[in-house]
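The values are calculated or read from the model by the stated rules, or taken from the named source; none is laboratory data. Quick caveat, the model's predicted, so the values are computed rather than measured. Glycine gets a Cβ as well: all are built from the backbone with ideal geometry, and neighbour counts include every protein chain shown. Only protein heavy atoms, including side chains, enter the accessible area calculation; ligands, DNA and RNA are left aside. Shrake-Rupley method; radii C 1.70, N 1.55, O 1.52, S 1.80 Å.
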Amino acid sequence: MRNCALLVAALLALVMSVASAAQATQTVWSGLVIAENVAQPAPIPPELIRIEQTLKALFGYNQFQVIGQSRKTLKTGEEDWLASSKYFALHVDARGETEAGYVLNLKLYKENDLLLETDTKLSKRSPLVIKGPQVGGGQLLLVLVVQ
Amino acid sequence: MKTFEEKWTAWLDGELSGKELVEFEASLPDKAAAEAEKHGAHKLGALLKEQLGAHALSNEDFFSHQLRERIVRENGPSREPSLEASTWWTVRRLFLTGVASLALFVICAVVVIRDKNPGEQSQYLTQILNARVDPAVSPNATISMFETKEDKVTVLWVEGLQSLPADYAAK
């Protein structure tokens, strides 16, 4: 009887630790995306499938290509990382975790120039899309998704 | 001097005796018919006694108790509870209660309206706290933000950034 109770307690502790670990470690995908209209559009990247219709409706392009990305697993909510392409870089600085998501400071650089800076509370349920500069016939988009 | 009806009634009840009884029976035109009527009257009287007699109470103790209680209640000091209860609601108290209720309603309404500010973003959506562009690089840039209803995407819409050549789309 006592062994049985110990076993149940151990299983409970294991389940709780796994659950809390799963909750604590979340991944934020950040991407630099070029949206443009082409005759033969490439398939949309898997990270954008969830918001494909919104992207097409909002920006009016039929192809979305990732030119730079980063996938960061957050443990403390205080990490920072960089998603970069040849000319652009998105610096993400996590400044803490809230009940709904993460507080992030985002900076978009074009080579060494700071084009845009923003502070956001990125929700786990709600992706963030930032419309960047026009690039050729297309548009640079910044996308952040909590996965 | 008794009338015939009085003597008849007394004879039926067996209350005549002696000389009076003999004289009365002698005065009867048909004694046999009178006897038959007397017998019938006795039978009827017995039947009525049997059927109309007082019923015995099966719960006489309870009945007595109820009766005593009622007597005590009716003889006790008179009280008028409904009158007392109704007198608490004076016009002044009714007015004050109304004013207090109205004030409470206004306070609740103000609190609810303040909490449900339609412009306020839900905590479960991504919120843009602030955004800025370098005015030296993009002097005409404007910033707006909104959320899409379908898949809850928060959009930071920056207009007027400097356009770049297609080479900048390189990976």
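Taking a ≥ b ≥ c as the square roots of the eigenvalues of the Cα gyration tensor, the range B:127-168 is oblate, since a/c reaches 1.5 or more and a/b is not larger than b/c. Residue B:30 sits with roughly 80 Å² accessible to a 1.4 Å probe, with DNA, RNA and ligands left out of the calculation. Using the Cβ-Cβ distance between residue A:98 and residue B:106 with R0 = 30 Å, the FRET efficiency computed as 1/(1 + (r/R0)^6) comes to roughly 0.35. Counting only protein heavy atoms and a probe of 1.4 Å, the accessible surface of the range A:25-146 is 44% carbon and sulfur.
Residues in the range B:127-168 average 58 Å² of solvent-accessible surface per residue, probe 1.4 Å, ligands and nucleic acids excluded. Working note: Karplus 6.51/-1.76/1.60 with θ = phi - 60° gives the range A:121-134 the couplings 9, 7, 7, 5, 9, 9, x, 10, 10, 10, 7, x, x, 6 Hz, where Gly and Pro are set to x. Taking N as the residue count of the range A:25-146, its C-alpha radius of gyration divided by 2.2 N^0.38 Å amounts to 1.03.
Interface area, chains B and A: about 3400 Å² of buried accessible surface, summed, with a 1.4 Å probe and ligands, DNA and RNA left out. For residue A:62, the residues whose amide H sits under 5 Å from its own are A:36, A:37, A:38, ignoring neighbours fewer than 5 places away on the same chain, with H placed 1.01 Å from N.
Scanning residues 5 or more positions from residue A:67 or on other chains, those with amide H under 5 Å from its amide H are A:32, A:33, A:34, with H placed 1.01 Å from N in the peptide plane.
With protein chains left intact and a 1.4 Å probe, residues in the range A:62-113 average 47 Å² of accessible area per residue.
Fully extending the segment from residue B:130 to residue B:43 would add 19.7 nm, taking 0.36 nm per residue of separation and subtracting the current Cα-Cα distance.
The residues of the range B:138-171 occluded by other protein chains by 40 Å² or more of accessible area, set against the chain on its own, are B:151, B:153, B:156, B:157, B:158, B:161, B:164, B:168, B:169, B:170, B:171; surface from heavy atoms, 1.4 Å probe.
Ordered by 1.4 Å accessible area with all protein chains kept, B:35, B:23 run largest first as B:23, B:35. Couplings for the range B:101-113, taken from phi via the Karplus curve 6.51 cos²θ - 1.76 cosθ + 1.60 with θ = phi - 60°, read 4, 5, 5, 4, 4, 5, 4, 4, 4, 4, 4, 5, 5 Hz in order; Gly and Pro are left as x.
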